[in-house]
Each structure stands twice: as C-alpha cells, then as structure tokens.
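Input: a single structure, listed below in structure tokens.
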C-alpha cells in the first residue's frame, strides 16, 4: 500500500499504521502507544519505547515544575498526569519522530471540564486546535500576513479569519495581546 506523506509546517501528517515515529496517547484512563503499526498498552511496549517516553516526561521541565508546586512528586503519579494531560488523545502526527518529542498538548480533546488544573498543564483552557497553534507559531516568524498564509497553505482571507477566531478564543483585543497570551501558554 502506498501512502503520501504530506508535510505542513514542521510536522508530517502520517496515517495510523504508517509509523515514522511513535504515537503515544491516553485512552480510557490508560497509557497507550502505537509503534510498528500496532497499538499496545504502554506497559506492553518494548522497554526502549517506555524509556523514550519516560525520558520525554523527565525532560519536560515546565510540566514537572508545575506538578511539583502542586505537590505531585512521586514519579508514577507525575508520569500518569503528564501522559494524560500533555501527551493527550490520539491524533495522526506521531509524538516521537527521530527520538524527539512533539507533544499534542494543544490538540487532544480532554473532556474533563472540572479539572482544577485545566489549561495549566494540558494548555487546553482556550481549546486551541493544532492548526490554530500552527498559525500562532507561523505568526511568530514575523512574516507578513500574505507570506504567513502562503506558509500555512491557506488563503489570505482564511488566514485573517483564523486569526480573528484565535483572538476570540484567547480573549485578546489585538494580535499583540494574542501573541503575548500564546507565549504565556508556552506556544
């Protein structure tokens, strides 16, 4: 079976089963991974994959600092919260490409609206989608709207509409404020 590898921005959209990396995800209150085209529970994955994911957690200083301030220090508890809130739900971009972690923190679909930490660890408070995060990242390059729209493969009108919607989600009166809020969120 042949597939196309479509590249947009820095990430590649890869259908499940065509793995150029490892897709980690939280599902039904469990840690899961997809590697070599197979989905397995985290604890059933090879030790090398488990270590790669655990190391990504250990290297996420922003999340570790936040959890430490909240009093969560036992690594198994930290790891579960990190996996659920930072790695998140399954999507189609592998989390680990060439050993580098690319989290879906802004993409997954957490349904826990009662979580007291919502938006602080998972960064979902504003509910940004992957293309909205990509738009913010592209805006940070400092290019004109026209060039940024070309970079994102959308029309200028579509780009402007997207910026307005992101501003509304972030409750930002202007683009400068939107960018400042996005920076505070870690984007």
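The values are calculated or read from the model by the stated rules, or taken from the named source; none is laboratory data. Keep in mind that this is a model prediction, so the values were computed, not measured. Using ideal geometry, Cβ is built from the backbone for each residue, glycine included, and neighbour counts are taken over all protein chains shown.
A compact table of results
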{"quantity": "Search result, residues across the range 31-63 that are under 16 Å from residue 80 (Cβ atoms) and over 18 Å from the mean Cα position of the chain (by Cα)", "calculated": "41, 42, 43, 45, 50"}
{"quantity": "Yes/no for residue 160 being modelled with pLDDT under 90, surrounded by fewer than 18 Cβ atoms within 10 Å (Cβ to Cβ) and outside the structural domain of residue 26 (by TED's automatic domain parsing)", "calculated": "no"}
{"quantity": "Residue in the range 90-111 that is out of contact with any strand residue (DSSP E or B) (no Cβ under 9 Å at 6 or more places or on another chain), exposed (fewer than 15 other Cβ atoms within 10 Å of the Cβ) and either assigned to a loop (DSSP other than H, G, I, E, B) or at pLDDT below 80 (or both) present", "calculated": "yes"}
{"quantity": "So residue 47, is it at positive phi and free of Cβ contacts under 8 Å to residues at least 12 places away in the same chain", "calculated": "no"}
{"quantity": "Enumeration of residues in the range 26-63 that are surrounded by 15 or more Cβ atoms within 10 Å (Cβ to Cβ) and in a helix (DSSP H, G or I)", "calculated": "42, 49, 50, 52, 53, 54, 56, 57, 63"}
